[in-house]
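Asks: Below you'll find the structure I mean.
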Amino acid sequence: MAKKKVATAKEKNHLDKVASLGCLICGSPAICHHIRNRGDGKGNLGFGNRATAYETIPLCPSHHVGSFSIHSCKQQFESMYGTEKELLYRTLKEIENMEQANDLFNFYNTNKGEI
Ligand SMILES: [Zn+2]
Ligand SMILES: [Zn+2]
């Protein structure tokens, strides 16, 4: 039996943030989809080159594995909503914005509103 790689606390934390963004397409509650665009660009990642927690995008079950989803018709999906790489960029950008907002909010709270 293959040993399953356990996500570190940091990776788990990132995955929680990705999922908390909601589906990139419709905003519904989402789960993390690991992108497949690494390696040679044809989906061949090569040994030991599996997508990490930082290469995931949030998609709801229907946009993830439904009848029109990134898994069932990737080409049409990407031509409609953008490539996995573009969606990943959006995901990371949104998390960055969220973290900046959190930082500012914490700063605001610790300084009792005096920014
Ligand atoms: Zn969706
Ligand atoms: Zn997936």
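Asks: When residues of the range 49-67 are filtered for being within 13 Å of ligand 2 (Cβ to nearest atom), polar (S, T, N, Q) and at pLDDT below 95, how many remain?
Replies: Matching residues across the range 49-67 total 0.
Yes/no matrix, rows are residues, columns are (1) loosely packed, with under 14 Cβ neighbours inside 10 Å; (2) touching a Lys or Arg at 6+ places or on another chain (Cβ under 8 Å); (3) under 20 Å from G22 (Cβ atoms):
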| residue | (1), (2), (3) |
| --- | --- |
| A53 | no, yes, yes |
| P58 | no, no, yes |
| P61 | yes, no, yes |
| H64 | no, no, yes |
| S67 | yes, no, no |
| Q75 | yes, no, no |
| S79 | yes, no, no |
| G82 | no, yes, yes |
| Y89 | yes, no, yes |
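Asks: Looking only at the range 1-48, which residues are within 16 Å of ligand 1 (Cβ to nearest atom), of a type in the set (A, V, I, L, M, F, W, C) and either modelled with pLDDT under 65 or in a strand (DSSP E or B) (or both)?
Replies: I31, C32
The values are calculated or read from the model by the stated rules, or taken from the named source; none is laboratory data. Since the model is a prediction, treat every value here as computed from it, not as a measurement. Quick reminder, even Gly has a Cβ in these numbers, built from the backbone with ideal geometry, and neighbours come from all protein chains shown.
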